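I have placed the structure first, in the form of structure tokens, so that the comments after it can refer back to it.
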Amino acid sequence: MDSKAGDLFSAEPADAAGSGGVMGRLWLPKGLSPSVAKEWFDRRRASIRPWAGFVDHRKFTKPRNFGELCQRVVRNFDTYNSNYTFIFLGLILYCIISSPMLLIALAVFVGAFYIIHLKSLESKLVVFGKEVTGPHQLGLAGAVSFPVFWLAGAGAAVFWVLGATMFVIGSHAAFRELEGGSEMEELFMEPV
């Protein structure tokens with residue numbers, strides 16, 4: 001554990017050589033930097049399909065059979081993947097905003113993680129004779145904030161978001177006609 005070259009987490013930022021210290025930066029996992037998150041978000045936003053066509057009620061029909069239903073789900077999920085991602089993120093945001101206790105629980109988690117991180121920057125954080133690494137700091141922050149998440153009903157919120165997402169996205173994917181439907185029908189017709 002002396003070498004952090006292979007670690008996913010590092011307490012030192014990539015540009016530590018030119019900066020006056022690490023106190024001004026919030027520590028994040030190497031793969032989760034603000035630039036990576038912004039790039040992912042921009043890619044998703046660029047590949048989003050127009051919302052007017054996404055919700056056009058004239059394009060929704062009942063599938064003829066189970067095979068067509070499965071084909072619609074697979075193809076629509078591939079076509080509208082970015083739209084579905086934003087629906088999922090919107091449901092998460094709605095769930096968090098509509099529950100003040102969940103907001104408090106998230107604030108407690110972020111605060112606990114930030115305090116633990118600041119303590120580890122001052123000196124190595126040692127618990128029971130072992131140094132606490134980055135992933136363990138996240139676990140410690142989670143353990144500290146777990147009672148607040150439990151009181152806030154975070155488990156129910158997670159299952160509500162998953163259920164609502166599966167219902168909305170599944171319904172859309174199953175009942176939305178495929179793009180270029182007439183061409184696809186000709187491909188799957190068998191000669192008589």
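The values are calculated or read from the model by the stated rules, or taken from the named source; none is laboratory data. Since we're looking at a predicted model, the values are computed, not measured. Remember, those area values only see protein heavy atoms, side chains included, never the ligands or the DNA or RNA. Shrake-Rupley method; radii C 1.70, N 1.55, O 1.52, S 1.80 Å.
What accessible area, in Å² to the nearest ten, does a 1.4 Å probe give for LYS59?
So the heavy atoms of LYS59 present about 90 Å² to solvent.
Starting from the residue with the highest accessible area, list ILE87, ILE115 in decreasing order, probe 1.4 Å.
ILE115, ILE87
Got a number for the accessible area of PHE149? Probe 1.4 Å, square angstrom, nearest 10.
That residue has around 50 Å² of solvent-accessible surface.
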